[in-house]
1. What residue, among those in the range A:1-32 that are more than 16 Å from A:Pro78 (Cβ to Cβ) and modelled with pLDDT under 95, is surrounded by the most Cβ atoms within 10 Å (Cβ to Cβ)?
2. Looking at (1) among the β-branched types (Val, Ile, Thr); (2) modelled with pLDDT under 95; (3) buried (at least 18 other Cβ atoms within 10 Å of the Cβ), which one does A:Val48 not meet, given that it meets all the others?
3. Out of the residues in the range B:117-131 that are over 15 Å from B:Tyr71 (Cα atoms) and either part of a loop (DSSP other than H, G, I, E, B) or among the aliphatic types (A, V, I, L, M) (or both), which is farthest from the other protein chains (Cβ to nearest Cβ)?
4. Since B:Tyr5 meets every condition but one in (1) on the phi > 0 side of the Ramachandran plot; (2) over 15 Å from the mean Cα position of the chain (by Cα), which condition does it not meet?
5. Starting from the range B:36-63, take each residue that is within 8 Å of another protein chain (Cβ to nearest Cβ) and modelled with pLDDT under 95 and list its partners that are surrounded by fewer than 21 Cβ atoms within 10 Å (Cβ to Cβ) and in a strand (DSSP E or B), counting only C-beta distances under 9 angstrom and pairs at least six apart or across chains.
6. Which number in (1) assigned to a helix (DSSP H, G or I); (2) within 18 Å of B:Ala67 (Cα to Cα) marks the one condition that A:Arg60 misses?
Amino acid sequence: MDAYEVTSDPARIPRETVHKALLRMHSCHAPSAEVFAAAFVNSVHFAVLTARGELAAYARLITDKATFAHLCDVFVLPEHRGQHLSRKIIEAVFAHPELQSIRQLTHVDNESKPFFQHSGFASTPIQEPVLAILRPQQ
Amino acid sequence: MTTAYEISTDPARLDRTAIHAALTRMYWCEGIPRETLDKAIDHSLPFGVYTAAGAQVGFARVVTDRATFAYLCDVYVLESHRGNGLSKRLIEAITAHPDLQGLRRFSLVTRDAHTLYEQFGFSPIANPRGHMEILRPALYKRPL
């Protein structure tokens, strides 16, 4: 089955379906529907759709389209796993014409780590002076 | 003690030539092309620090979706204006901004300003192994 397509067109991405999937898969980290709707407007999206236009996988980037991007809310729906869709998404991120001058691409996720290491991500070295305000429950 | 400085988020007030001149010397974005910086500013929430006469003496910008995530970067105060509490005022204005409330994550990277940021609730990442990045530190440096 090679009928999947990656799109960044927000008009083709079912926002509510994305949000419901986030609630199911990342319940403790998922924002409320209202907060997600606000975030959606100010993000760059990568959605994998089936030939019928149904959502199969998703990732969201917060970026200045020039120097920095943060990848979050990454998932592949269970029925579409094993078809390398997360790889397809990351390839689309790297190929996106507006993201070619990005100097720093970050991601936080323990679970999907083996995959992201294959995509060129490395763990932030422990001595790296990164500071953050983190509110995982919000 | 001078109070004649002003902090503004109005993009129209930014002196982009001055900002580029300052930032292109900084260790974290040495040699950044003007057009890359312009595009970055266009897609960020910018904060400018100005003298009463309107001269740009400090800057910071936040990359954010204004709902769940923010990344603070390109923070500077010109050396000739340091010692006036401006960096503290700047971070105060940023953390108080209405679009940057209730975020899931607010992060930054600093080499030596931990004390400044810790006053505003930032702390070193508890679990660095869960943080991943692709970093191209020399991307903007021109070949010799």
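The values are calculated or read from the model by the stated rules, or taken from the named source; none is laboratory data. Bear in mind that the values here come from a model prediction, so they are computed numbers and not experimental data. So basically every Cβ, Gly included, is an ideal-geometry build from the backbone, and we count neighbours across all protein chains shown.
1. A:Pro31
2. (2)
3. B:Gln119
4. Among (1) on the phi > 0 side of the Ramachandran plot; (2) over 15 Å from the mean Cα position of the chain (by Cα), the lone unmet condition for B:Tyr5 is (1).
5. none
6. A:Arg60 satisfies all of (1) assigned to a helix (DSSP H, G or I); (2) within 18 Å of B:Ala67 (Cα to Cα) except (1).
Listed here are the residues, each with its yes/no results for (1) within 20 Å of A:Ser43 (Cα to Cα); (2) more than 7 Å from chain A (Cβ to nearest Cβ); (3) part of a helix (DSSP H, G or I); (4) touching a Leu at 6+ places or on another chain (Cβ under 7 Å).
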position	(1), (2), (3), (4)
B:Ala67	yes, no, no, no
B:Ser80	no, yes, yes, no
B:Leu108	yes, no, no, yes
B:Thr115	no, yes, yes, no
B:Pro137	no, yes, no, no
B:Lys141	no, yes, no, no
